[in-house]
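Taking it in order: structure first as structure tokens, then the write-up.
The values are calculated or read from the model by the stated rules, or taken from the named source; none is laboratory data. All values derive from a computational prediction rather than experimental measurement. Note that each Cβ is placed from the backbone with ideal geometry, even for glycine, and that neighbours are counted across all protein chains shown.
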Amino acid sequence: MKVGIQLYSVRNHMEKDPVGTIRHVAEAGYRYIEAANHHADKDSGTGFGAGAKEIKKVLEDTGTRIISAHIAPFNAEIIKPVLEYYAELESAYIVAPMDFFKDKADVLAKCEVYNELAGLCAGAGMQFLYHNHFHEFQIFDDKDGKTIFDLIMENTDPALVGVELDTYWAARGGQDPVKLLEKYGERTRLIHQKDIPAAWREKINLIEPVNTDKITVDINYFMSVVSPEAFTEIGSGILPIQEIINAGNRGRRTDYIVLEQDFSRHDEYESIRISMESFRKFTGIEW
């Protein structure tokens, strides 16, 4: 696997200067870049007003490339110009970064949408990936015991719909990320990596109260249980990152392990530098 970076990790700098930020990311040693556009209904590109030609030039100047893009909102109404933009940048993947589900029927209905959108992505030369948070490991039906993530995997076309497995959020969903990689390895094309501070060891599991109390997770509930203090840089926490890398490589289809630093006590540039230094201590990855 190659090491990449999600530009959400430097989102505050991106908002001020997207081109300069990409240059800085390249200087920090990151060559494989995943965009983060949370305003795709207003801006088809990176979400910060930069055109495809402008971004393409800075990529060429710095020897970097766009490998993937998070797109939100992600629906049929906005998909055409988004696909045109990222096809010009030769991105391999388009990712649905977050979704919420009311019940099992809602999951199944959204799987139909994912299949449809994945077909459009494939037609533009890119693969659709679903990116998890913790709530996809909620179980709606105690009889079948299947998580939302299980249902998504079972009800989407494996030839069209792949996975960007966020190991941090999987762990916070009560899962063993290594076992998930082994289970869905053939469909896992990208891994999102960050780390969990040791102080949060006993508070990792966010899904247990959701399943116990049958809570409907929406954006408000999600934000209410997520603390910025529960994140730390690569290698400074308790996630088994070397085991995760090994499992991803065994899956034979995982192309990149991508830093996504949701929150940090450091400046964003300092944060990604710390993680890069730690990445270089692991084996089985390259730049």
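Any idea how many residues of region 208-231 are part of a helix (DSSP H, G or I), among the polar types (S, T, N, Q) and more than 20 Å from D103 (Cα to Cα)? Give the steps one after another, and end with the answer.
Within region 208-231, the subset part of a helix (DSSP H, G or I) is 208-213, 219-225, 228-230.
Still in the running and among the polar types (S, T, N, Q): 211-212, 220, 224.
Add one more test, that the residue is more than 20 Å from D103 (Cα to Cα), and what stays is 224.
Qualifying residue count for the region: 1.
Only residues that are over 19 Å from T212 (Cβ atoms), at pLDDT 95 or above and of a type in the set (S, T, Y) were counted across region 144-189, and they come to 4.
Counting only residues that are touching a residue at least 60 places away in the same chain (Cβ under 8 Å) and β-branched (V, I, T), region 182-214 holds 4 of them. If the condition is being among the acidic types (D, E), out of contact with any Gly (no Cβ under 8 Å at 6 or more places or on another chain) and closer than 21 Å to A96 by Cα, then region 16-49 contributes only D41.
Considering (1) part of a helix (DSSP H, G or I); (2) over 19 Å from the mean Cα position of the chain (by Cα); (3) of a type outside the set (A, V, I, L, M), the lone condition that K110 does not fulfil carries the number (2).
Hey, does region 141-157 have a residue that's of a type in the set (F, W, Y) and farther than 21 Å from F100 by Cα? No - not one qualifying residue is present in region 141-157. Which of (1) modelled with pLDDT of 95 or more; (2) part of a helix (DSSP H, G or I); (3) surrounded by fewer than 20 Cβ atoms within 10 Å (Cβ to Cβ) is the odd one out, the single condition N205 does not satisfy? Among (1) modelled with pLDDT of 95 or more; (2) part of a helix (DSSP H, G or I); (3) surrounded by fewer than 20 Cβ atoms within 10 Å (Cβ to Cβ), N205 violates only (2). Of the helices (runs of 4 or more DSSP H) lying entirely inside region 10-75, those containing at least 3 residues that are farther than 14 Å from I272 by Cβ and either free of Cβ contacts under 8 Å to residues at least 24 places away in the same chain or of a type in the set (V, I, T) (or both) are 52-62.
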